[in-house]
Amino acid sequence: MTDRTAPPAYDRTERPGNVGLVLALAIALVGAIVVASLLPAPVAPKFAVGLLALLAVAGVFCAFAYAVGFLRFPGRAARRDIARQIADTFSEGLLVTEGDTQIVYANDAYLELCGARDPAGLLTVERLFSGPAEVSEAIYRLAQAARAGRAHAEDVRLAPPLTGDAEVGWYRIRVRPLDRDGARHTNLWTVVDATSDRQRQENVFQELQHAIDFLDHAPAGFFSAGPDGAISYMNKTLAGWLGYDLTQVGSGGVSLADIVANNGSTLLTAITGGSGEVRTSQIDLDLKRRNGRSLPVRLLHRVAFGQDGAPGASRTLVLNRAAGEEPEEDLRAAEVRFARFFNSTPMAIAAIDPEGLVTRSNAAFAKLLPRALKSGASAWPVLSSVVERDRAALKDAIAAALDNRGDVPPIDAALEEEDGMPTRSARFFVAPSEDAGKKGATIYALDTTEHRKLQEGFAQSQKMQAVGQLAGGVAHDFNNMLTAIIGYSDLLLANHRPTDPSFQDIIQIKQTANRAAGLTRQLLAFSRRQTLRPQVLQLGDVLSELQLLLRRLVGEKVEVDLKHGRDLWFVKADINQLEQVIINLVVNARDAMPESSGRIQLRTRNVAANECAAFGEASLTPADYVLIEVEDNGSGIAPEVMAKIFEPFFTTKEVGKGTGLGLSMVFGIVKQSGGFVFPESELGRGTVFRIFLPRHVPEAGEVAAKPEAAKPAADYTGQGTILLVEDEDAVRAFAARALVSRGYNVLEAGSGLEALEVVESEGQRIDLIVSDVVMPEMDGPAMFAELRKRGVTAKVVFVSGYAEEAFAKNLPEGDFGFLPKPFSLKQLIETVKASLG
């Protein structure tokens with residue numbers, strides 16, 4: 001697999017202006033010579049003319065040496081190199097322009113934004129960012145600022161054409177003037193992808209808007225006022241009671257004097273007075289409607305004080321006590337509405353006393369902690385529902401709230417279930433409160449079980465991806481070595497008779513190398529970098545053909561039961577790899593059986609998109625699948641082992657009885673085929689593996705694959721000129737000898753650049769190019785693209801230890817073959833002959 005590296009930064013800045021000084025000196029000296037030569041001999045002696053000529057020649061030489069780079073000013077050049085290295089490594093796109101269109105410098109990040117692989121593809125900011133009118137206006141303002149020599153910044157919103165991404169993104173673009181060696185109209189442009197920042201801001205704004213909407217529709221009124229009596233917020237309920245439009249409230253539009261009778265003196269006293277401590281006051285007074293009528297209310301009023309002791313803004317809850325002639329009945333109705341609101345909120349809320357006992361809770365809290373509620377006590381300790389290791393943290397948070405120590409950080413804790421296993425988790429927020437003058441605390445809790453599972457799943461997937469990359473890289477390097485071992489073994493076998501004493505030794509070398517190649521294939525399968533040959537399959541036919549082999553593998557004491565669903569959909573997968581997946585799962589099931597007997601069931605059926613949620617797997621994308629289940633009644637898998645079963649080289653078998661690559665290969669093959677695999681196990685009862693393969697709808701003329709008929713003996717000799725490009729000397733030498741021995745004329749190259757030189761010298765004599773993918777200087781795909789640009793139409797076959805799909809996306813349009821490493825002499829000759837037709 002080749003990495004697509006970013007193009008190098010582009011810099012066309014000129015050398016410092018000292019060249020002009022040196023050139024001016026040289027011209028002055030030459031002029032002095034001319035003048036001296038015109039003077040008579042007594043005035044300008046010949047030795048003076050010669051001296052001036054010598055100095056002029058020295059000046060011209062210095063100017064020329066500086067211009068071509070032999071003469072430099074080290075101090076300034078070093079500073080420029082350091083500055084350029086810093087700019088090249090910036091994650092922000094940097095562009096330096098002179099005038100309106102001339103590009104002086106662009107770093108790697110800006111080249112990547114342009115999608116340019118060379119300076120010819122560079123675009124100015126005005127050309128790169130084009131779109132709707134608002135985008136054009138922002139770019140125009142930036143251009144005007146650049147021409148005026150002043151700094152300016154804009155945020156633009158558009159779909160980036162350079163990546164082909166359909167999602168809309170935000171970019172923050174800045175421009176400021178630069179003073180570069182006296183050059184005029186030189187500007188530095190910076191381009192930053194600000195999509196994530198804008199999304200974060202929008203999410204915060206949406207959450208704030210939801211909170212405001214939530215409060216606006218509460219059954220009680222609410223407002224916030226400052227010490228000066230100005231109302232900064234009023235909810236919709238209170239505004240409706242008082243007859244005000246919400247647009248008139250806030251920013252000084254309405255004050256306490258406007259809504260409180262008697263100029264709000266009672267409430268103002270409550271706000272400005274006090275001892276400097278946070279307190280909640282209950283005040284009964286009359287509010288003043290906009291039409292002048294009074295509204296009797298009860299205020300639950302709280303004022304926070306700053307560190308300097310000055311009072312801050314109020315948080316005031318308003319209860320309407322005036323509906324009709326029976327205020328007590330209306331207050332009771334308001335309490336009923338508030339109780340409904342309190343119990344219907346999805347956030348778990350509970351009040352606790354100084355002893356840590358829950359005195360009141362809503363329905364969400366009871367649902368979150370059902371174990372504690374089953375105690376039957378009217379007041380129960382909240383800590384009893386939290387596992388032992390998290391109780392101390394929650395206890396400290398409650399104590400901090402009771403002591404009113406300021407903001408208490410949230411606590412994440414696992415919840416105790418009836419069976420003693422912490423299967424769920426929650427995040428607790430604790431805040432101080434008062435009830436009838438007694439100190440207490442309020443606990444708000446959110447169920448974080450699903451969030452925690454997603455976090456653990458993401459961490460596990462990141463870990464598996466990292467291990468997979470390492471395994472794939474190791475397997476790729478081993479494939480190069482194994483190719484040479486297998487190839488030279490074939491060459492030796494071709495020169496030795498079966499009766500030779502060393503013939504069997506060579507056979508053993510080749511067989512051992514083939515077993516090692518099998519291990520590397522398993523590593524590549526886990527890392528999803530092996531080459532798959534998908535074809536349309538009917539799983540019923542595949543498993544029916546395989547069941548005889550499976551029964552032989554498990555032995556007579558273990559029963560294999562195969563059950564097919566009706567009218568199975570087609571799938572598209574590599575039949576050989578899929579058979580290997582089934583064999584590995586069945587062999588593992590056999591090893592988990594007791595020695596006496598056991599039973600393995602293989603079941604298949606269709607799973608529609610609306611049935612996916614029933615399996616309870618969050619990562620299973622809803623779609624149509626064909627399900628394969630492999631179930632055994634063996635010993636089962638322990639929970640602590642279940643999280644590691646797909647990791648390479650992890651095994652619970654005895655030394656020498658397993659490599660630990662079987663299930664990792666299953667995981668890799670299924671994932672590379674676009675499917676999912678989920679295990680489920682119970683100790684003492686058995687294990688079931690479920691494989692979901694996506695449904696494939698065959699196109700017109702596409703039919704399910706059938707076994708191929710036996711091929712007749714082939715002729716492996718041929719003729720033609722083949723260019724062999726391989727950076728591994730051993731692999732190149734073996735392949736060249738093999739092709740020459742079969743009658744081909746072979747040209748060799750150790751890299752892509754050498755191959756281009758060979759093609760340039762040989763012209764159209766080359767019939768086929770066999771090239772490695774990963775090479776220094778110029779890799780195979782880059783060489784392929786350059787050959788097509790030069791009009792070379794020779795067929796190309798790529799060889800690699802990685803999968804074909806790993807690099808095919810980096811290739812331009814064109815027809816090419818592929819041969820995976822390690823390959824034998826026979827496989828190489830077959831591929832070459834098939835490519836030459």
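Could you list all residues from the stretch 589-617 that are closer than 20 Å to VAL666 by Cα and of a type in the set (Gly, Ala, Ser)? Answer for the stretch 589-617, where residues must be closer than 20 Å to VAL666 by Cα and of a type in the set (Gly, Ala, Ser): ALA589, ALA592.
To keep it simple, each residue is scored yes or no on (1) buried (at least 16 other Cβ atoms within 10 Å of the Cβ); (2) part of a loop (DSSP other than H, G, I, E, B); (3) modelled with pLDDT under 85; (4) among the polar types (S, T, N, Q).
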| residue | (1), (2), (3), (4) |
| --- | --- |
| ARG371 | no, no, yes, no |
| SER378 | no, yes, yes, yes |
| ALA401 | yes, no, no, no |
| PRO409 | no, yes, no, no |
| GLU417 | no, yes, yes, no |
| MET421 | no, yes, yes, no |
| PHE428 | yes, no, no, no |
| GLU434 | no, no, yes, no |
| LYS439 | no, no, yes, no |
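Scanning the stretch 567-593 for residues that are at pLDDT 90 or above and either surrounded by 21 or more Cβ atoms within 10 Å (Cβ to Cβ) or closer than 13 Å to GLY555 by Cα (or both) gives a single hit, VAL571. Taken over the stretch 293-310, residues that are at positive phi and at pLDDT 75 or above amount to 0. The requirement of being at pLDDT 75 or above, surrounded by fewer than 18 Cβ atoms within 10 Å (Cβ to Cβ) and among the acidic types (Asp, Glu) is fulfilled somewhere in the stretch 505-524, by at least one residue. Looking at GLU640, GLU631, GLU647, just one residue is modelled with pLDDT of 85 or more and either part of a helix (DSSP H, G or I) or of a type in the set (D, E, K, R) (or both), and that residue is GLU631.
Please work out which residue is modelled with the highest pLDDT, limiting yourself to the stretch 340-369 and to residues that are under 21 Å from ALA220 (Cβ atoms) and of a type in the set (Lys, Arg). Among them, the one singled out is ARG360. Take the residues of the stretch 555-566 that are of a type in the set (A, V, I, L, M) and within 23 Å of VAL670 (Cα to Cα): which is least open to solvent (accessible area, probe 1.4 Å)? Filtering first and then ranking leaves VAL560. Within the stretch 536-554, residues that are closer than 15 Å to GLN580 by Cα and part of a helix (DSSP H, G or I) reach partners that are modelled with pLDDT of 85 or more and among the polar types (S, T, N, Q) with beta carbons closer than 7 Å, at six or more positions or on different chains, in the pairs LEU539/THR604; LEU543/THR604. So, of the residues in the stretch 764-793 that are in a strand (DSSP E or B) and among the hydrophobic types (A, V, I, L, M, F, W, C), which turns out to be surrounded by the fewest Cβ atoms within 10 Å (Cβ to Cβ)? Per the criteria, the residue is LEU768.
Would you please name the residue that is most open to solvent (accessible area, probe 1.4 Å), looking only at residues in the stretch 731-763 that are of a type in the set (Gly, Ala, Ser) and within 42 Å of the chain's Cα centre (by Cα)? Looking at residues that are of a type in the set (Gly, Ala, Ser) and within 42 Å of the chain's Cα centre (by Cα), I get ALA733. Contact map, the stretch 721-744: residues that are charged (D, E, K, R) paired with residues that are part of a helix (DSSP H, G or I), Cβ distance under 6 Å, separation 6+ or inter-chain. Pairs shown: GLU726/ARG732; GLU728/ASN480; ARG742/ILE829.
Among what's in the stretch 270-292 and is open to solvent by less than 50 Å² (accessible area, probe 1.4 Å), aliphatic (A, V, I, L, M) and not in a helix (DSSP H, G or I), pick the residue that is modelled with the highest pLDDT.
First, the residues of the stretch 270-292 that are open to solvent by less than 50 Å² (accessible area, probe 1.4 Å): 270-271, 273, 276, 281, 283, 285, 287.
Next, from what is left, pick out any that are aliphatic (A, V, I, L, M): 270-271, 283, 285, 287.
Among the residues that remain, those that are also not in a helix (DSSP H, G or I) are: 283, 285, 287.
Numbers: ILE283: 71, LEU285: 73, LEU287: 82.
Only one residue fits best here, namely LEU287.
Could you please find all residues in the stretch 311-338 being in contact with a Gly (Cβ under 9 Å, 6 or more places away or on another chain) and modelled with pLDDT of 70 or more?
PRO311, GLY312, ALA313, SER314, THR316, LEU317, VAL318, LEU319, ASN320
Entry remark, the stretch 195-239: residues being hydrophobic (A, V, I, L, M, F, W, C), part of a loop (DSSP other than H, G, I, E, B) and surrounded by fewer than 18 Cβ atoms within 10 Å (Cβ to Cβ) number 1 in total.
The values are calculated or read from the model by the stated rules, or taken from the named source; none is laboratory data. Just so we're clear, the structure is a prediction, and the values are computed from it rather than from any experiment. As a convention, Cβ positions derive from the backbone with ideal geometry for all residues, glycine included, and neighbour counts pool all protein chains shown. Side chains included, ligands, DNA and RNA excluded: accessible areas come from the protein's heavy atoms. Shrake-Rupley method; radii C 1.70, N 1.55, O 1.52, S 1.80 Å.
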